[in-house]
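Working notes, structure below.
The values are calculated or read from the model by the stated rules, or taken from the named source; none is laboratory data. Since the model is a prediction, treat every value here as computed from it, not as a measurement. Quick reminder, even Gly has a Cβ in these numbers, built from the backbone with ideal geometry, and neighbours come from all protein chains shown.
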Amino acid sequence: MHRVVALYRSSVGKKILMAFTGFIWIGFLAGHMFGNLKAFQGAGAFDSYAHHLRIFGEPILPYKGFLWAFRTVMFLALAIHVLFSWQTSRQSWAARTTGYRRQKSLNFDFASRWMRWTGVLILVFLVFHILHMTTGTLHSPTFEAETLTQSFAFHNLVTGLVSPWMAAIYFVAMVAILFHLWHGVWSIFQTLGGNHPKYTGWRRPFAVLVSIVIFLGFVSIPVSVLTGIVTQ
Amino acid sequence: MNLDAKIPAGPIEQKWDKHRFDMKLVNPANKRKYEVIVVGTGLAGASAAATLGELGYRVKCFTFHDSARRAHSIAAQGGINSAKNYQGDGDSIFRLFYDTVKGGDFRSREANVYRLAEVSLNIIDQAVAQGVPFAREYGGLLANRSFGGAQVSRTFYARGQTGQQLLLGAYQALKRQVALGTVKVYTRHEMLDLVVEDGVAKGIVTRDLVSGKVESHAGHAVVLATGGYSNVFFLSTNAKGCNVTATWRAAKKGAGFANPCYTQIHPTCIPPAGDYQSKLTLMSESLRNDGRIWVPKKAGDERRARDIPEDERDYYLERFYPSFGNLSPRDISSRRAKEMVDTGHGVGHMKNGVFLDFKDSIQRLGREVIAERYGNLFEMYEKITGENPYEVPMRIFPAPHYTMGGLWVDYNLMSNVPGLFVLGEANFSDHGANRLGASALMQGLADGYFVAPLTVGHYLAGVPRDPVTNDHAVFRDAEQAVAEKTSRLLAVNGHKTVDEFHIELGRLMWENVGMERNEAGLKETLQKIPEIRERFWSEVRVLGSGDTLNQSLEKAGRVADFLEFAEVMAWDALTRDESCGAHYRTEHTTPDGEAKRDDEDFAFVSVWEHKGVGEKPVLHKEPLEFENVKLSTRSYK
Amino acid sequence: MNLTLHVWRQDGPTAPGRFETYQAKDVSEHASFLEMLDLVNEDLTREGKEPIAFEHDCREGICGSCGMMINGTPHGPNKMVATCQLHMRFFHDGDEIWIEPFRATAFPIIRDLVVDRSALDRIIDAGGYISIRTGSPTDANSIPIRKRDADEAMDAAQCIGCGACVAACPNASAMLFTSAKVSHLGLLPQGQPERWTRVVDMIAQHDLEGFGTCTNHGACQEACPKGISVDFIARLNRDLMQASWKAAEPPVAAAGGGG
Ligand SMILES: Cc1cc2nc3c(=O)[nH]c(=O)nc-3n(C[C@H](O)[C@H](O)[C@H](O)COP(=O)(O)OP(=O)(O)OC[C@H]3O[C@@H](n4cnc5c(N)ncnc54)[C@H](O)[C@@H]3O)c2cc1C
Ligand code: HEM
Ligand code: HEM
Ligand code: SF4
Ligand code: F3S
Ligand code: FES
């Protein structure tokens, strides 16, 4: 046990946990993107997928049981990720209080400098996004809450994104995700010690590929709604 | 001056073993009651401090560097010798002993050298166990190469950074003791005096280089491992901080200075590029294995190397020494290069070098082979000079590199001042008049790991265990003297910088007490040094104060000491009226122009006793006897 | 060539610092950067101004003493060299050069460009060694080591402890240094017994010294005069993870007598 505590105490341990939780969220994003892409198959496919998530595991689990378990895990992962990014950021800020008059960036990629800010953007977006698509709080009056037998996710999605403003918010958030993962996916390999002469060279292209696929997968939705490719 | 070398009786192979048994031991429970001061954290100092700490003594270790790991030993490139005979090519302890005595031109002490060769085996074991990543063969065993003209492969190396890796090993051992609390390391502390009470070493005075605070530290024994004094020449391959201060101040307190004129010049260094040159860079000697050395036949030839046809090139080493050619020993190749430059055949924009040309070997072996052997050296050369050695021949010239002279010590590495031990390059013991390549690292570690910890213990066993303090008046006096000297330097406030004086002294020493010496030049030098010294004390300008970090002040103190010490060097060179090893008196040459030894009159160690600044020091002699290696003349024709 | 230098001057650890501008005149392109500073210092001294304090010793890129920010990069614009190996031929007549000390909370400024890097030494104190006793080891060839491992250990061991990695890192993290040390010993069979405690303890000391957290920027590798690779940081992370999975052994009190 004291080793686990030591892991938590050390800066490297924190960053290892950040990488794990980041990885969990990437997994979620992949799944979420996959689900979102069902929008191209029309309302039926999309809504039944959304409904399925809620009744998954029934009757062993109660209605939304799986969903809540899942939400808990995701929430904890996010909390750990955010908490440790806050703690490690503070450690780093304190580690250099006077900057340089001039400094050339020697970083491997441009995205690494913006991790903290793209991260905050993602967090803000998440809150907004849940209030928008899940609770409907920030949605136009057209929001339709789910029922025990049906989900109206597709309807909510399309009506929620027809406004160019909304689409723009989603777009900006997706750019943040793109940048966060651009560095983050590569960073996971590095942080978890996943380097080996055989595939070290593939880490960076892989990270770029993953982040671009996720970015394109997600933005295709608001873009398609705006341009009318996906309509009700 | 008592110069009893205390060489144990008996056959040479048994001396050290027998001595180890005869030495007195300190009861383990009492070790902690003894305090030992170690000055220097190079190979010799760090290994000694670590081992003494490990044995249980309380150790205070001082260095003027900001970290123990920055000592000049870090710069050694080539390798370290050991008589392991892993290559099975006929090496043995006796062969290493024999080569070293002969290489030193019969001016070293047989018993010490034999012990060095014996202990060389343990050094490699020790270093490997510490994690020194020596080069290895594919089978996983240690690799060796032959070095400095040796006929067996006994040199262990870690790329071109052997000194660095060995020092890191010793430094880590030291840090382990720091963590265990047995050793305390004082960084950025310069030792500025030795405290001697009733003829016995009792402690040191230091200056904290950051706060300027002058303090004294008392110990039951004092160990100096403060390195060499090549920087007396200003330009040398040594780090800028290397100096003679610690040993010289000890000499002023009564320690004999032995063989100060034995200074080694390394033949393959990059020549100075201009007046602003601050130090010289060594290029590994291994380059001579494949490079050919030449100069244009015509003096003052202005053409580029590639435009000079074959028949107008003088491959002078191949001409003079057909059998050894470009691999002739360090001192011989150095002198010949100087001769070429002095007669107007020098190359480069300052006409101060000779060519080391790889054209033929590139043609013969191909560029890849040469790149594999010397790639990193070529890169280093290009970084410094901006010239590409694959295309243009390298330029090289000799430079001061190592000092065989140092404080006199007996077989126990103790100076004539009881309680003062001297290790590594700072002592005079093992290399005679010339040092073989890859043997300084060996000596530093032998002294520090395997000899001093035992001999210091032997000394301590005869010393009362009472706690030491620096309450005595001698400590106050010494502190005051140091503080006064510092304020004097600050008070001169003349118009010339410290470096101007250092450069002036260096040029003088290089001209007259460098590679070649003669009576007229030495006498002139003895006249000029006091004159420079006097001007120094009335014209030097040291700004700032004594209670902050003040690098000019540090430098000024060191140059002031060089200005005193240089005189002893010149006296030594003048009185040693023979040529031997690196000490080359133009009056004493063989018909072929080689060093001519005079064993009849000069088979002794010259030990100088300080009599006051500006006074002629007094010469004492320790006779040298050769029972195991027959006196013979070197020949490299 | 003639150059304009903007140099950070600071009289002491707590004194406020400032940039001062000096002219370096008639600098030869063959001179090294430190020789250029020597010349400036000689001029300053003659003018009665205190010379610029900067650290240096070997002047051949191995002792790790030298180090300053030159136009925003540690050790200057050239890759794989220390400041002392940087030559003026890489600058042009009329250039303006900004010279600043390495900045990190763990590297307090002592004066001008001289900073206190003893934090790196204390990271070694925390376990950067192999515990053996002088004279006790077995024959050096009794444990063969794969050439690949020996070479990789040497790659890590080349670190000169200059601190440029810290200076370059946006987080002022000393992870490259720490990882080089941990990997050097961890790659060798002799380093195995202490491998897991070493990594935990050295990282703990790293944090205690006030260095930042590594977020894999990679600037350290780019600035490192010895080209130490960030792959060693990955290796360090892996070691730390393994160390936490290994069953915790109760700590044993150090043996007396200085063991
Ligand atoms: C470029 C170069 C390459 C070399 N290559 C080789 C090689 O390949 N093989 C080989 O065997 N040898 C080689 N040598 C020689 C060898 O490196 C040195 O002789 C040896 O390392 C000296 O070690 P040392 O411990 O005696 O002294 P150093 O390593 O010089 O250490 C001296 C220590 O004393 C301290 N000190 C000095 N004065 C004071 C003072 N007044 N107060 C406080 N502290 C003080 C310093 O801070 C330092 O810690 C080379 C030398 C040079 C210059
Ligand atoms: C264009 C991009 C996106 C679209 C169109 C989109 C769409 C949706 C929709 C329609 C829902 C509601 C699903 C339901 O009620 O079943 C939803 C839920 C959610 N989305 Fe997104 N999303 C996008 C991007 C993201 C991103 C980038 C993240 C994470 C960083 C994210 C995280 C979530 C979460 C956490 C939920 C709530 C799941 C739950 O019910 O617990 N979304 N999203
Ligand atoms: C408030 C929200 C967030 C903040 C402040 C934040 C911040 C950070 C920071 C500072 C890092 C360290 C940079 C690094 O180590 O390379 C990081 C890494 C990472 N983040 Fe986030 N992040 C947030 C949300 C997310 C989300 C929602 C995801 C998933 C989509 C994510 C995925 C990652 C990944 C994969 C890494 C790399 C981990 C590593 O190896 O270090 N982050 N984040
Ligand atoms: S890792 Fe590189 S930059 Fe960092 S201290 Fe070592 S040599 Fe310097
Ligand atoms: S730049 Fe800094 S963030 Fe890590 S990879 Fe290097 S230590
Ligand atoms: S002065 Fe030694 S590394 Fe630059």
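A quick yes/no check of all residues on (1) of a type in the set (S, T, Y); (2) away from chain C (no Cβ under 14 Å); (3) within 19 Å of A:I122 (Cβ to Cβ); (4) away from ligand 4 (no atom under 16 Å from the Cβ):
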site: A:G22; (1), (2), (3), (4): no, no, yes, yes
site: A:H32; (1), (2), (3), (4): no, yes, yes, yes
site: A:F40; (1), (2), (3), (4): no, yes, no, yes
site: A:A77; (1), (2), (3), (4): no, yes, yes, yes
site: A:L83; (1), (2), (3), (4): no, no, yes, yes
site: A:T88; (1), (2), (3), (4): yes, no, yes, yes
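Need the failing condition index for B:F21 against (1) facing another protein chain (nearest Cβ under 9 Å); (2) of a type outside the set (D, E, K, R); (3) over 25 Å from the mean Cα position of the chain (by Cα), just the number.
(1)
Can you go through B:M394, B:M404, B:M414 and tell me which one is surrounded by 18 or more Cβ atoms within 10 Å (Cβ to Cβ), without any contact (Cβ under 8 Å) to a residue 60 or more places away in the chain and in contact with a strand residue (DSSP E or B) (Cβ under 8 Å, 6 or more places away or on another chain)?
Of the residues listed, the single one that is surrounded by 18 or more Cβ atoms within 10 Å (Cβ to Cβ), without any contact (Cβ under 8 Å) to a residue 60 or more places away in the chain and in contact with a strand residue (DSSP E or B) (Cβ under 8 Å, 6 or more places away or on another chain) is B:M414.
Pairs under 6 Å by beta carbon, first residue within 18 Å of C:N171 (Cα to Cα) and at pLDDT below 95 in the range C:103-122, partner crowded, with 22+ Cβ neighbours inside 10 Å and of a type in the set (G, A, S), six or more apart or different chains?
Sorted first by the residue in the range C:103-122, then by its partner, the list stays empty.
Might you let me know whether the range C:188-196 holds any residue that is more than 23 Å from B:A68 (Cβ to Cβ), within 12 Å of chain A (Cβ to nearest Cβ) and touching a helix residue (DSSP H, G or I) at 6+ places or on another chain (Cβ under 9 Å)?
Residues of the range C:188-196 that are more than 23 Å from B:A68 (Cβ to Cβ), as a first pass: C:189, C:192-193, C:195-196.
Now drop any that are not within 12 Å of chain A (Cβ to nearest Cβ), which leaves C:196.
From what is left, the residues that are touching a helix residue (DSSP H, G or I) at 6+ places or on another chain (Cβ under 9 Å) are C:196.
Among the residues of the range C:188-196, at least one is more than 23 Å from B:A68 (Cβ to Cβ), within 12 Å of chain A (Cβ to nearest Cβ) and touching a helix residue (DSSP H, G or I) at 6+ places or on another chain (Cβ under 9 Å), which makes the answer yes.
Regarding the range C:32-53, can at least one residue be identified that is buried (at least 17 other Cβ atoms within 10 Å of the Cβ), over 20 Å from C:I110 (Cα atoms) and among the aromatic types (F, W, Y)?
yes
Identify the residue in the range A:101-160 that is of a type in the set (G, A, S) and within 14 Å of chain C (Cβ to nearest Cβ) and, among all such residues, is nearest to ligand 2 (Cβ to nearest atom).
Result: A:G119.
Restricting attention to the range C:63-78, does a residue exist that is among the hydrophobic types (A, V, I, L, M, F, W, C), surrounded by 24 or more Cβ atoms within 10 Å (Cβ to Cβ) and within 11 Å of chain B (Cβ to nearest Cβ)?
Of all residues in the range C:63-78, those among the hydrophobic types (A, V, I, L, M, F, W, C) come to C:63, C:66, C:68-70.
From what is left, the residues that are surrounded by 24 or more Cβ atoms within 10 Å (Cβ to Cβ) are C:63, C:66, C:68-69.
From the residues that got through so far, the ones that are within 11 Å of chain B (Cβ to nearest Cβ) too are C:63, C:66.
Taking every residue of the range C:63-78 in turn, at least one turns out to be among the hydrophobic types (A, V, I, L, M, F, W, C), surrounded by 24 or more Cβ atoms within 10 Å (Cβ to Cβ) and within 11 Å of chain B (Cβ to nearest Cβ).
If C:G256 satisfies every condition in (1) at pLDDT 95 or above; (2) more than 10 Å from chain A (Cβ to nearest Cβ); (3) out of contact with any Lys or Arg (no Cβ under 9 Å at 6 or more places or on another chain); (4) more than 21 Å from C:C63 (Cβ to Cβ) but one, which is the exception?
Checking C:G256 against (1) at pLDDT 95 or above; (2) more than 10 Å from chain A (Cβ to nearest Cβ); (3) out of contact with any Lys or Arg (no Cβ under 9 Å at 6 or more places or on another chain); (4) more than 21 Å from C:C63 (Cβ to Cβ), the one that fails is (1).
Is it the case that some residue within the range C:49-62 is on the phi > 0 side of the Ramachandran plot, in a loop (DSSP other than H, G, I, E, B), modelled with pLDDT of 95 or more and more than 24 Å from the chain's Cα centre (by Cα)?
No, because not a single residue in the range C:49-62 is on the phi > 0 side of the Ramachandran plot, in a loop (DSSP other than H, G, I, E, B), modelled with pLDDT of 95 or more and more than 24 Å from the chain's Cα centre (by Cα).
Report, by residue number, each residue of the range B:271-283 that is facing chain C (nearest Cβ under 10 Å), in a loop (DSSP other than H, G, I, E, B) and within 15 Å of ligand 1 (Cβ to nearest atom). Full working, then the answer.
Residues of the range B:271-283 facing chain C (nearest Cβ under 10 Å): B:272-282.
Next, only the ones that are in a loop (DSSP other than H, G, I, E, B) stay: B:272-281.
Across the range B:271-283, the qualifying residues are B:S278, B:K279, B:L280, B:T281.
Against the conditions (1) within 23 Å of the chain's Cα centre (by Cα); (2) surrounded by fewer than 17 Cβ atoms within 10 Å (Cβ to Cβ), where does C:G94 fall short? Just the number, please.
(1)
Looking for something surrounded by 16 or more Cβ atoms within 10 Å (Cβ to Cβ), of a type in the set (G, A, S), free of Cβ contacts under 8 Å to residues at least 12 places away in the same chain and in contact with a Gly (Cβ under 8 Å, 6 or more places away or on another chain) - is there at least one such residue anywhere in the range A:45-55?
no
I want to confirm something. Restricting to the range C:144-153 and keeping residues that are at the interface with another protein chain (Cβ under 8 Å from one of its Cβ atoms) and either touching a residue at least 24 places away in the same chain (Cβ under 8 Å) or in a loop (DSSP other than H, G, I, E, B) (or both), which single residue is nearest to C:P189 (Cα to Cα)?
C:I145
State the number of residues belonging to the range A:29-77 that are of a type in the set (S, T, N, Q) and within 19 Å of A:F218 (Cα to Cα).
Qualifying residue count, the range A:29-77: 2.
Of everything in the range B:491-502, what is surrounded by 17 or more Cβ atoms within 10 Å (Cβ to Cβ) and in contact (Cβ under 8 Å) with a residue 40 or more places away in the chain? Give them in sequence order.
B:K496, B:T497, B:V498, B:D499, B:F501, B:H502
Please verify whether the range B:217-232 includes one or more residues that are surrounded by fewer than 24 Cβ atoms within 10 Å (Cβ to Cβ) and either more than 23 Å from B:E425 (Cα to Cα) or without any contact (Cβ under 8 Å) to a residue 12 or more places away in the chain (or both).
The answer is yes, given that some residue of the range B:217-232 is surrounded by fewer than 24 Cβ atoms within 10 Å (Cβ to Cβ) and either more than 23 Å from B:E425 (Cα to Cα) or without any contact (Cβ under 8 Å) to a residue 12 or more places away in the chain (or both).
Tell me whether the range C:227-237 contains one or more residues that are modelled with pLDDT of 95 or more and within 16 Å of ligand 6 (Cβ to nearest atom).
yes
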